[in-house]
Amino acid sequence: MVLQDLEDLLVINPLTVTAKAGETFSKEGDINLGDIFSFHQNPVSVNPTLQVNPGSIECEGMNLIDFHLAQTMIFAIEEINNSSSLLPNISIGYRIYDSCGSTLSSMRAVMALMNGQERTVGKTCSGQSAVHAIIGASDSSSTIVMSRSTGAFQIPVISHLATCACLSNRKEFPSFFRTIPSDFYQSRALAQLVKYFGWTWVGAVRSDNAYGNNGMATFVEAAGLEGVCIEYSEAILWNNPREQIARVVEVISRASSKVVVAFLSQLEMDVLLEEALAQNLTGLQWVGSESWISIDRLATRRNSAVLGGTLGFTISKSKIPGLREFLLQVGPAQDPNNTLLREFWETTFSCRFSPQQEKDGGPRQSQCSGSEKLEEISNPFTDTSELRFSNNVYKAVYAVAHSIHDLLTCRHGEGQGVNRNCTHRDSIEPGQVLRYLRDVNFPMKSGERVSFDENGDPTAIYELVNWQRDQAGETVFVTVGNYNASLPNGDQFAMNGIQIVWAGNPLKRPRSVCSDSCLPGFRQAEIKGMPVCCFSCIPCAAGEISNLTDSTKCKQCSLEYWSNGDKSRCVPKVVEFLSFDETMGILLAAISLVGACLTTLVSLVFFSFRETPIVKASNSELSFLLLFSLTLCFLCSLTFIGRPSEWSCMLRHTAFGITFALCMSCVLAKTIAVVIAFQATMPGNTVPQCSIPLQRISVFSCTLLQVVICVLWLALAPSVPFKNTAHATEKIILECDVGSTIGFWAVLGYIGLLALLCFVLAFLARKLPDNFNEAKFITFSMLIFCAVWITFIPAYVSSPGKFTVAVEIFAILASSFGLLFSIFGPKCYIILLKPEKNTKKHIMGKSHAKSQ
């Protein structure tokens, strides 16, 4: 009795529906299908308060598209009835109702289909549905109402146009199926579309019903995941006051976004388009949903000023052999008493079957003869060029037929392991059809396969169409891409290479962004209180890059790389070392060579005047050995210049340490020799004169100890090339890591110890008698040497990069020149400029006088 109770609620105050709302076509068969279409689409004066008589629903304007769909359904049924392979010897009947675009009328129609009668007040419910399945309705809102009623009775409903994603909820709509993809997929396809073209700042307008609200909610969610922001989102209904429609159009015109995503039904698009034309709303890129994107009556020259270049997804085109011939046979001659056929004829040919009364008003119309030719008419009813929605109705009828065929032939659906008992055609129940409908999987004549997933949805496949003009100036729908939800992510959306015509400038794709793109070298920074698509561009920090447009963050370059000037890519860091190609390296190398040449020149002078008293008095063997060591000291500084390598790093410090140790050993031997020599010449002193072998042993021993230190250093922790990236982030300082700091400071410390001994002995011997007291010059040279190396330590520690090496070279050269000039300068001066003083008498003058 539930059916009876539900229908009673609808007929407490029965509505008087004009324009023949209710059953329009019917034919009895062994199996009956119920069908609900909107043959009239403008219901007015609706007042369903259920407290007072709501009045009547007056329908205006015949919907030729739905009339075409209804005839397509009849064509499919007749085709099946004539088939010898599908449901042989079984006829399919139908009952077609006009919902007049009203959910209330749709509810009333579904009650009539379930119970078999349009009104059942005072009658008993039969308990058996009059139909085995229902096809319809043409909108989501009506389909939701229908499916909620039929679900409890397991009567399958197959819609050809209801796309609301909410209908995929199996708990709420257990008996619902559809042959058109869910908006769940269309909304995501639209989000991928706007992202693909770089439109991250878009406006949105939707129908204020289940279709628009659910579809737009899914789009907003998917767009957010794609990084697309919604500037505004407006909702309208076709029967809203014009002031409200005008306000929405004003919002669109004032907005900064240049792309409008219109998730609208045909009725809402009609009223919005009229107001857009009234306000001259042009230059915007429209992105439409499948409900209106391929409707021919919208694609007029008048509307192209607003909608030219429109993009949107629609279901695929199809061909149904024999359909056009069938449609051209439709007319009042089939059933002269059918008022809907008469109204269709009058609408198509702008004539009247009954004479027009004067009181009717309006322009006079000719009288219909019934012999007019549909072949001469081009309108939505006769158009079979694409058959996008017609194919959905066609597939729905065949899906029901195949499910009943499987039921009667005891065929098991794919994946079903439970045996089912065969059913006789006289005892088929809707619930059985529902169970088999879930498992249908068959090919159509076109090769397309029909099946449903666990939610009753088909595979989502769309075509991306673009509104373009042909050579005649007429708007045509050109397929420029496709979307297949069954493919993996990333491969679902694809363009086919056909040129797109854009809104405004047909050859230039419009830009619709809140903020201009951040170029490489910059990153996006959010603006407080604004959507994520509105951002400022901040340059990447030093050492970071962004090599893509609109990067959200900068990437840190690896350790040995640094950002280039515009911070768009990482380039190898500048490797810094003291080279022979730069000014400082050239200058230091030149000074080193000059020092070596001067030392060699002094050696030649001493060799030339080796028999003179001053050369003999200065211990010529030690002098030549000292000059040789000084030459090595000058030359060892060259090992510090150039790109550090393993051999140069090991050579530079060991060569420096050994040559300076040899040099200091010679100076120390000379100092000791001076002291011993003067002590031996004192009256009454019995100390023997220093012998040459003793000097050689002292020099060899002192140098050998430094050699041992260097060998241990090289064996345990040698100096190696090292890339120093810590001191300067923008460059690599290529230097020699000393390896063992103990070894490094042991070498320097030993040289310092020898220098200190020389200084102390020379200082004590500075007042010894003689005109030529070499201890004075040694003392002065040691003062210079110690001063240089004492100041070297803080300068070495604090100098950055290659200047550290330069400081070390400077210390080597300065101390070497100090020794050369202090010890050998006065002697060369006498030899070359004062030869009269280069006599034994002059050199031994004071000492000799005292001994006398």
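Annotations for the structure displayed:
- Within the range 447-479, the set of residues being under 19 Å from LEU190 (Cα atoms), among the aliphatic types (A, V, I, L, M) and touching a residue at least 60 places away in the same chain (Cβ under 8 Å) comprises ALA460, ILE461, LEU464, VAL465.
- Residue selected from the range 567-584 under the condition under 21 Å from CYS557 (Cβ atoms) and among the aliphatic types (A, V, I, L, M), by the criterion farthest from the chain's Cα centre (by Cα): VAL575
- Helices (runs of 4 or more DSSP H) contained in the range 285-378 and holding at least 3 residues in contact with a strand residue (DSSP E or B) (Cβ under 8 Å, 6 or more places away or on another chain): 301-307, 339-349
- Residues of the range 76-89 that are assigned to a loop (DSSP other than H, G, I, E, B) and either open to solvent by less than 20 Å² (accessible area, probe 1.4 Å) or under 17 Å from PHE389 (Cα atoms) (or both): LEU86, LEU87.
- Test: residue in the range 402-410 that is part of a loop (DSSP other than H, G, I, E, B), modelled with pLDDT under 85 and either within 30 Å of PRO336 (Cα to Cα) or open to solvent by 10 Å² or more (accessible area, probe 1.4 Å) (or both): yes
- Each residue in the range 170-203 was checked for being in a loop (DSSP other than H, G, I, E, B) and closer than 28 Å to GLY136 by Cα, and 10 of them qualify.
- Residue, surrounded by the fewest Cβ atoms within 10 Å (Cβ to Cβ), within the range 599-624, restricted to residues that are without any contact (Cβ under 8 Å) to a residue 40 or more places away in the chain and among the charged types (D, E, K, R): GLU611
- Residue match in the range 462-474 (condition: open to solvent by 20 Å² or more (accessible area, probe 1.4 Å) and under 30 Å from LEU167 (Cβ atoms)): yes
- Filter result (hydroxyl-bearing (Ser, Thr, Tyr), crowded, with 24+ Cβ neighbours inside 10 Å and under 48 Å from the mean Cα position of the chain (by Cα)) within the range 91-107: SER99, SER102, SER106
- Top-ranked residue of the range 739-776 - restricted to ones that are part of a loop (DSSP other than H, G, I, E, B) and modelled with pLDDT of 80 or more, ranked as surrounded by the fewest Cβ atoms within 10 Å (Cβ to Cβ): SER740
- The range 328-344 residues that are surrounded by fewer than 19 Cβ atoms within 10 Å (Cβ to Cβ), paired with ones that are of a type in the set (Lys, Arg) (beta carbon under 7 Å, 6 or more apart): THR339/LYS20
- Verdict on MET73 being in the same structural domain as ASP30 (by the TED database), crowded, with 16+ Cβ neighbours inside 10 Å and modelled with pLDDT under 90: no
- Filtering the range 691-726 to residues that are within 22 Å of ALA655 (Cβ to Cβ), of a type in the set (Ser, Thr, Tyr) and within 59 Å of the chain's Cα centre (by Cα) leaves only SER719.
- Neighbours by Cβ (under 9 Å, 6+ apart or cross-chain): first from the range 269-292, aromatic (Phe, Trp, Tyr); second surrounded by fewer than 24 Cβ atoms within 10 Å (Cβ to Cβ) and not in a loop (DSSP other than H, G, I, E, B): TRP286/VAL306; TRP292/GLN266; TRP292/ASP270; TRP292/LEU298
- Residue within the range 826-833 that is more than 23 Å from PHE624 (Cα to Cα), in a helix (DSSP H, G or I) and open to solvent by 30 Å² or more (accessible area, probe 1.4 Å) present: no
- Every listed requirement among (1) open to solvent by 20 Å² or more (accessible area, probe 1.4 Å); (2) assigned to a loop (DSSP other than H, G, I, E, B) is met by ALA503 save one, (1).
- Listed by first and then second residue, the pairs linking a residue in the range 238-252 that is within 17 Å of SER265 (Cα to Cα) to a residue that is among the charged types (D, E, K, R), with Cβ atoms under 6 Å apart and 6 or more places separating them unless they lie on different chains, are TRP238/GLU268; ILE245/GLU275; VAL248/GLU234; VAL249/GLU275.
- Residue in the range 715-728 that is open to solvent by less than 20 Å² (accessible area, probe 1.4 Å), of a type outside the set (Gly, Ala, Ser) and either in contact with a Lys or Arg (Cβ under 9 Å, 6 or more places away or on another chain) or at positive phi (or both) present: no
- Qualifying residue in the range 643-653 (condition: open to solvent by 70 Å² or more (accessible area, probe 1.4 Å), over 25 Å from VAL788 (Cβ atoms), at pLDDT below 85 and out of contact with any His (no Cβ under 9 Å at 6 or more places or on another chain)): no
- Positions within the range 774-797 being over 22 Å from LEU638 (Cα atoms) and among the small types (Gly, Ala, Ser), in sequence order: ALA775, SER781, ALA787
- For GLN128, the conditions (1) among the polar types (S, T, N, Q); (2) at pLDDT 90 or above; (3) open to solvent by 10 Å² or more (accessible area, probe 1.4 Å) all hold with the exception of (2).
- Cβ separations smaller than 6 Å between residues 6+ apart or across chains give the following pairs from the range 61-73 residues that are in a helix (DSSP H, G or I) to residues that are among the charged types (D, E, K, R): MET73/ASP35.
- The listed residue being touching a Lys or Arg at 6+ places or on another chain (Cβ under 6 Å), in the same structural domain as ASP491 (by the TED database) and on the phi < 0 side of the Ramachandran plot, out of ALA223, ALA255, ALA235: ALA235
- Criterion applied to ARG511, ARG435 was being charged (D, E, K, R), assigned to a loop (DSSP other than H, G, I, E, B) and open to solvent by 50 Å² or more (accessible area, probe 1.4 Å), and the one residue passing it is ARG511.
- The set of residues in the range 132-160 being part of a loop (DSSP other than H, G, I, E, B), in contact with a Phe, Trp or Tyr (Cβ under 9 Å, 6 or more places away or on another chain) and modelled with pLDDT under 90 consists of GLY136, ALA137, SER138, ASP139.
The values are calculated or read from the model by the stated rules, or taken from the named source; none is laboratory data. Because the structure is predicted, anything quoted here is derived from the model rather than measured. Neighbour counts are summed over all protein chains in view; Cβ atoms, including those assigned to glycine, are modelled from backbone coordinates with ideal geometry. The accessibility values were calculated without ligands, DNA or RNA, using every heavy atom of the protein model including side chains. Shrake-Rupley method; radii C 1.70, N 1.55, O 1.52, S 1.80 Å.
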